[in-house]
Amino acid sequence: MNTQENIISIIGPCSLESESQIFSVAELYQQYDLSYLRTPLFKPRTNPNSFQGLGKDGLKIIKKLKETYPRLKNISEVCSVEQFKIAKNHIDIVQIGSRNMQNFELLKYIGAHSNNHDYVMLKRGFCSTLDEWIYAAEYLMKAGLAKSKILLCERGIRDAAGTNNVILDLATAFKASQLGFKVIIDPSHGTKERALVLPLLDAAKAMGFAGYMVEVHPFPEKSVSDANQALSIKDFYDYLNKEQSNYQLEHYNPLESSLHRKIDQSERYKN
Ligand code: PEP
Ligand code: MN
């Protein structure tokens, strides 16, 4: 269990959309010396018409980001061995998303090839039991990854009765942490609703988890994915400062991101 001082803090957009978008969030990340910035290149989307991520094209933005801020560390999801090979030298945490938690061949490959990364983050499948989650982590370890390099991430499970059909399952996450794993809480995907993110983040912090991951976007309503759950940079700045501010965005250019919004042809399904 962790004190607040060495908690792993991860913020950033659902999808890497544009240079001005990620640099805007990076300023907040830098200012507060947070641990990792989300720079997602490949997006596993439910609807094939939804924005699929910048993919390889996003690498030049990540390179510029790391040239500008040499100490910046980032996390991106990979959904296949091919994507891992594209991204591996440009990311510090390799994320395996909920949909791939039981992609055993991917787990074996990443487990065998990620000891030079800070961590591999294994998100809990949204219909997975505690045992299934832990077995997935064991696949990584059996392939050679040290247990200390694994971050288990609770991101909410499916529940028709829950708010927004999702329940952030802090109880199971707590049990996972009692098994000696570092557990990260994601109250963004775990609530799917902006107004619920910070209260659940506070609950997770109170329980002493290893860290958190929160979606932050310069202009959440314009986010090409998960627009309903992203916090604005000002929201998160105010949360860190514990007071209302007049935080102004300096560099965000909404036109850059709206180019990608056009790719997202789905009005009905945003996730
Ligand atoms: C994400 O964190 O970008 C993501 C897609 O999350 P999940 O795999 O939990 O849906
Ligand atoms: Mn998202």
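The values are calculated or read from the model by the stated rules, or taken from the named source; none is laboratory data. In this text, all values refer to a predicted model and were calculated from it rather than measured experimentally. Ideal geometry is used to build each Cβ from the backbone, glycine not excepted, and the neighbour counts take in all protein chains shown.
Just a few scattered comments:
- Only one entry in Val183, Val197 is assigned to a helix (DSSP H, G or I), surrounded by 15 or more Cβ atoms within 10 Å (Cβ to Cβ) and free of Cβ contacts under 8 Å to residues at least 60 places away in the same chain, namely Val197.
- For Ala161, the conditions (1) surrounded by fewer than 16 Cβ atoms within 10 Å (Cβ to Cβ); (2) at pLDDT 95 or above; (3) part of a loop (DSSP other than H, G, I, E, B) are fulfilled apart from (2).
- Boolean, Lys234 is basic (Lys, Arg), at pLDDT 95 or above and more than 28 Å from Leu249 (Cβ to Cβ): no
- For region 69-128, filtered to residues that are within 16 Å of ligand 2 (Cβ to nearest atom) and of a type in the set (Gly, Ala, Ser), the residue that is nearest to Leu54 (Cα to Cα) is Ser76.
- Pairs, first farther than 15 Å from Met121 by Cα and within 12 Å of ligand 2 (Cβ to nearest atom) in region 35-49, second among the polar types (S, T, N, Q) and not in a loop (DSSP other than H, G, I, E, B), C-beta under 9 Å, six or more apart: Pro44/Ser98; Pro44/Asn100
- Residue, surrounded by the most Cβ atoms within 10 Å (Cβ to Cβ), within region 5-33, restricted to residues that are more than 17 Å from Leu201 (Cβ to Cβ) and aliphatic (A, V, I, L, M): Leu16
- Selected residue [at negative phi and free of Cβ contacts under 8 Å to residues at least 24 places away in the same chain] from Lys85, Lys108: Lys85
- Looking across region 201-217 at every residue that is away from ligand 2 (no atom under 15 Å from the Cβ) and among the hydrophobic types (A, V, I, L, M, F, W, C), the one that is nearest to Tyr239 (Cα to Cα) is identified as Leu201.
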